[in-house]
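Heads up: the structure comes next, in structure tokens.
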Amino acid sequence: MSDDHTHVQEFFTARAADWDRRFPDDGPAYAAAVAELGLRSGDRVLDAGCGTGRALPPLRAAVGPTGVVLGADLTPAMLEAAVQAGRDRDGQLLLTDVAALPLHTESLDAVFAAGLIAHLPNPTENLRELARVVRPGGTLALFHPIGRAALAARQGRRITPDDLRAEANLGPLLAGAGWRMTSYVDADDRFLALAERDG
């Protein structure tokens, strides 16, 4: 396992048990972001870096009982917290690296990724892997329940020009990974970039 993976696992393992209690009011923001994906009944969707699975219930509601919902995360403790919260009933949980997904090419309709991009060791390659598993015309949602400025303030730092989530940086990054950005919102109450898989 790379040092990047070890760092991510250590960071999230230490926080898994309290994660949902630390952010109790994010449910509506997750549901609104999922709605932006435009999922239909029967669609197949992945929550990449699903953590405790907060997006799984709205994803399941969007695709219905005939759809497929997968939640993938690198940290066992986060998936255990998802099970304890009962969210494994809404989707199949996979302990895996989103940089090397055990999924067939073009097998999904969409990917939802909350807070993921900041933890990707090789963003272009990793976003390309997400594109690999999505059909042409499928969608990607890069989401955070608060905007970049609010998140930086919460973490005691400033936004820098090299921030991957800045629109000027994210558009070319996505394009280089096989995605075309279709919308971008960075407000105090949410960050949401939507992209369509080229093809």
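The values are calculated or read from the model by the stated rules, or taken from the named source; none is laboratory data. This one's a predicted model, so the numbers in the text were calculated from it and none came from an experiment. Using ideal geometry, Cβ is built from the backbone for each residue, glycine included, and neighbour counts are taken over all protein chains shown. SASA here: full protein model, heavy atoms, side chains in, ligands and nucleic acids out. Shrake-Rupley method; radii C 1.70, N 1.55, O 1.52, S 1.80 Å.
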#### Entry: Accessible surface ranking that places the most exposed of TYR184, TYR30 first, with a 1.4 angstrom probe
TYR184, TYR30
### Query
If you put +1 on each Lys and Arg Cβ and -1 on each Asp and Glu Cβ, how big is the dipole of segment 87-199 around its Cα centre, in Debye rounded to 20?
180
## Note on the structure
Read-out Rg and Dmax of the Cα atoms in Å, candidates (i) 15.5, 44; (ii) 17.3, 53; (iii) 18.8, 65; calculated match is (i)
### Message
Could you give each residue of segment 139-156 its phi-based ³J(HN,Hα) in whole Hz, using Karplus coefficients 6.51, -1.76, 1.60 with θ = phi - 60°, and x for Gly or Pro?
### Response
10, 10, 10, 9, 10, 8, x, 9, x, 4, 5, 5, 5, 4, 5, 4, 8, x
#### Entry: Heavy atoms of THR182 accessible to a 1.4 Å probe, total area in Å² rounded to 10
70
#### Entry: Amide hydrogen neighbours beyond the local backbone of LEU93, cut-off 5 Å, H modeled
GLY71
### Query
With every protein chain present, what accessible area does HIS104 have (1.4 Å probe, heavy atoms only), rounded to the nearest 10 Å²?
150
### Task
Could you point to the residue in PRO136, PHE112, ALA153 farthest towards the positive end of segment 82-199's charge dipole, with +1 and -1 charges on the Cβ of Lys/Arg and Asp/Glu respectively?
ALA153
### Query
For segment 88-182, what relative contact order do you get, as a whole percent, if you take Cα pairs closer than 8 Å and at least 6 residues apart?
30
### Theoretical ellipticity at 222 nm over the chain - DSSP helices of four or more residues, -39500 (n - 2.57) apiece, nearest 500
-10000 deg cm²/dmol
### Task
Looking at the chain, send over the antiparallel percent of its DSSP beta bridges, to the nearest 5.
45
### Task
Please find the FRET efficiency linking LEU164 to GLN84, where r is the Cβ-Cβ separation and R0 is fixed at 25 Å, and quote it to the nearest 0.05.
0.20
### Query
Which loop trypsin sites (Lys or Arg not before Pro) in segment 36-69, with loop taken from DSSP, have no more than 12 other Cβ atoms within 10 angstrom of their Cβ?
ARG40
### Message
Under the rule of at least 5 residues apart or a separate chain, name every residue whose amide H is placed under 5 Å from the amide H of ILE146.
### Response
PHE191
### Message
With a cut-off of 8 Å between alpha carbons and a minimum separation of six or more residues, what is the relative contact order of the chain in percent?
### Response
18
### Task
Would you please give the residues with an amide H less than 5 Å from that of VAL111, counting only those at least 5 places away or on a separate chain, with H modeled from the backbone geometry?
LEU46, THR139, LEU140, ALA141
## Note on the structure
Taking Cα pairs closer than 8 Å and at least 6 residues apart, the relative contact order of segment 18-122 in percent is 30
### Task
Using +1 at the Cβ of each Lys and Arg and -1 at the Cβ of each Asp and Glu in the chain, identify which of PHE191, LEU74, ALA175 lies farthest towards the dipole's positive end.
PHE191
### Query
Of LEU164, LEU95, LEU46, whose Cα points farthest to the positive end of the dipole of the chain (charges on the beta-carbon: +1 Lys, Arg; -1 Asp, Glu; origin at the Cα centre)?
LEU46
#### Entry: Note, ³J(HN,Hα) from phi for segment 98-111, Karplus 6.51, -1.76, 1.60, rounded to Hz, x at Gly and Pro
5, 7, 8, 6, x, 10, 5, 4, 6, 8, 10, 9, 7, 10
### Query
What list of ³J(HN,Hα) values in whole Hz, one per residue of segment 38-55 in order, does the Karplus curve 6.51 cos²θ - 1.76 cosθ + 1.60 (θ = phi - 60°) give from phi, with Gly and Pro shown as x?
x, 5, 10, 4, x, 5, 10, 9, 10, 9, 8, x, 5, x, 7, x, 5, 7
#### Entry: Charged-residue dipole, Cβ positions (Lys, Arg, Asp, Glu), the chain about Cα centre, Debye nearest 20
260
